[in-house]
1. Considering only residues that are in a loop (DSSP other than H, G, I, E, B) and either in contact with an Asp or Glu (Cβ under 6 Å, 6 or more places away or on another chain) or more than 29 Å from T165 (Cβ to Cβ) (or both), which ones fall in region 44-70?
2. Does V7 meet the test of being in contact with a Ser or Thr (Cβ under 9 Å, 6 or more places away or on another chain), part of a helix (DSSP H, G or I) and either open to solvent by 80 Å² or more (accessible area, probe 1.4 Å) or modelled with pLDDT of 95 or more (or both)?
3. Pairs, please: C-beta under 7 Å, at least 6 apart or cross-chain, first residue free of Cβ contacts under 8 Å to residues at least 60 places away in the same chain and in region 152-169, second open to solvent by less than 30 Å² (accessible area, probe 1.4 Å) and assigned to a loop (DSSP other than H, G, I, E, B)?
4. Restricting attention to region 53-72, and to residues there that are among the aliphatic types (A, V, I, L, M) and over 12 Å from the mean Cα position of the chain (by Cα), which single residue is most open to solvent (accessible area, probe 1.4 Å)?
5. Collect the residues in region 20-32 that are open to solvent by less than 60 Å² (accessible area, probe 1.4 Å) and not hydroxyl-bearing (S, T, Y), keeping them in residue-number order.
6. Give the residues of region 107-148 that are touching a Lys or Arg at 6+ places or on another chain (Cβ under 9 Å) and more than 16 Å from D45 (Cα to Cα), sorted by residue number.
Amino acid sequence: MQHDETVLMSLPSARRAMTRAQARDFITSLAEANPDAESELDYSDAFSLLVAVVLSAQATDKSVNKVTAGLFADAPDAAAMVALGEEGIAAHIRTIGLWRAKAKNVLKLSEQLLALHEGNVPADRAALEALAGVGRKTASVVLNVMFGESAMAVDTHIFRLGNRTGLAPGKTTRAVEDGLIKRIPPDMLRPSHHWLILHGRYVCKALSPECWRCVAFTPCLFPLKTQILDRKGELA
């Protein structure tokens with residue numbers, strides 16, 4: 001699809017927040033279209049997930065998976081990661097962004113896990129966020145995926161989607177997180193993390209939202225959705 005400059009470069013957010021009923025309709029539509037949604041990062045346990053999420057900052061899941069295959073083969077747990085050392089870690093991850101800082105953080109968090117948690121990943125937000133390179137988003141992913149908590153990790157896709165659609169408008173990631181927790185039905189909150197990320201990644205894209213493919217078109221409050229849909233029809 002080709003966009004004129006107005007559609008491509010001027011993508012306003014929703015003018016108001018969805019109601020809870022609209023939010024349920026929105027999430028239900030995503031759930032029905034992709035009921036088995038899951039993380040696209042490769043991991044086998046809590047440690048590999050934690051490291052993969054730390055590495056995924058400013059990097060695509062695909063690029064992270066390429067480097068973690070070898071990294072986890074050489075260092076499947078915290079003790080092995082410490083033994084591998086910073087240079088050994090760095091050698092595996094040089095192709096992803098911020099690899100020097102990430103190598104330091106992966107080594108440090110592995111040392112912390114051994115010193116403070118017997119090598120295990122803690123199922124506690126405060127303990128997770130005390131680890132090197134782990135912020136609120138990373139902790140939320142681990143708590144959600146590995147420990148079954150209804151934690152909502154707000155990445156760039158969910159932040160954009162929350163504002164664009166009206167699902168959870170907010171100027172900060174925490175404001176969007178709080179809005180999502182407020183509007184998404186509790187029984188749908190945990191899996192909605194994956195539904196929203198994948199929808200933002202593949203349909204509700206940053207500069208070229210594919211509104212004609214959106215299963216949640218009706219409850220969505222994006223002001224340009226009809227314009228984009230009409231434009232697609234003209235080009236068909």
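1. Result: S44, D45.
2. no
3. Matching pairs, first to second residue: L161/L167; L161/C204; G162/A168; G162/G170.
4. For region 53-72, the residue satisfying everything is A69.
5. Let us first name the residues in region 20-32 that are open to solvent by less than 60 Å² (accessible area, probe 1.4 Å), namely 22-23, 26-31.
Residues satisfying the conditions are Q22, A23, F26, I27, L30, A31.
6. R125, E129, L131, A132, G133, R136
For (1) among the aliphatic types (A, V, I, L, M); (2) over 23 Å from A80 (Cα atoms); (3) in contact with a helix residue (DSSP H, G or I) (Cβ under 9 Å, 6 or more places away or on another chain); (4) at pLDDT below 95, each residue gets a yes or a no:
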residue: Q112; (1), (2), (3), (4): no, no, yes, no
residue: H117; (1), (2), (3), (4): no, no, yes, no
residue: E149; (1), (2), (3), (4): no, yes, yes, no
residue: H157; (1), (2), (3), (4): no, yes, yes, yes
residue: L180; (1), (2), (3), (4): yes, yes, yes, no
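Residue by residue, here is whether (1) open to solvent by less than 70 Å² (accessible area, probe 1.4 Å); (2) over 18 Å from L11 (Cα atoms) holds:
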residue: W195; (1), (2): yes, yes
residue: L198; (1), (2): yes, yes
residue: K205; (1), (2): yes, no
residue: V215; (1), (2): no, yes
residue: P219; (1), (2): yes, no
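The values are calculated or read from the model by the stated rules, or taken from the named source; none is laboratory data. Keep in mind that what you see is a predicted model, and the values were worked out from it rather than measured. No Cβ is skipped: glycine too gets one built from the backbone with ideal geometry, and neighbour counts run over all protein chains shown. The protein model used for the area step is the full one, side chains on, heavy atoms only, and it has no ligands, DNA or RNA in it. Shrake-Rupley method; radii C 1.70, N 1.55, O 1.52, S 1.80 Å.
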